Amino acid sequence: ALEKDEVNARRRILSLMKLLSERGGADPSHPPITSLLLTEDDGRAVPVESFLARGVIRLVNSIVRGSRVRAVLIEKMRGSPFDDHMRPLRIGQGGMRVADTDTLITSPEKV
């Protein structure tokens, strides 16, 4: 069973998400709103936000064969087709770059 604080947190998050989704799109003077809710994953449980969100994009930071590997994975995107491969990610002066053809398993160094 969820603790009282967890239930209240879920209600507050759901209320915020509903407010944001209702603010845009319905009225032509208010363009659609895209909002990002960022959470940290401690690895112990699936965050409640994952169940409430329309989309979940996970940034991964791991050590593979002694080297740091960063990747991005779209876990869900309701109502839209999406690439379900974990893609290598490089962060540099020009920002973030995601490999569009390589998967993390095949060749992470090619980003």
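Give me a count of the residues in the range 35-53 that are in contact with a strand residue (DSSP E or B) (Cβ under 7 Å, 6 or more places away or on another chain) and assigned to a loop (DSSP other than H, G, I, E, B).
Count: 0.
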> Going by the structure shown, is VAL7 in a loop (DSSP other than H, G, I, E, B) and without any contact (Cβ under 8 Å) to a residue 12 or more places away in the chain?
Replying inline: no
> Has the range 58-76 got any residue that is loosely packed, with under 13 Cβ neighbours inside 10 Å, modelled with pLDDT of 90 or more and not in a strand (DSSP E or B)?
Replying inline: yes
> Among the residues of the range 1-52, which ones are at pLDDT below 75, more than 16 Å from LYS76 (Cβ to Cβ) and aliphatic (A, V, I, L, M)?
Replying inline: ALA1, LEU2, ALA26, ALA45
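The values are calculated or read from the model by the stated rules, or taken from the named source; none is laboratory data. What you see is a predicted model; the values in this text were computed from it and never measured. As a convention, Cβ positions derive from the backbone with ideal geometry for all residues, glycine included, and neighbour counts pool all protein chains shown.
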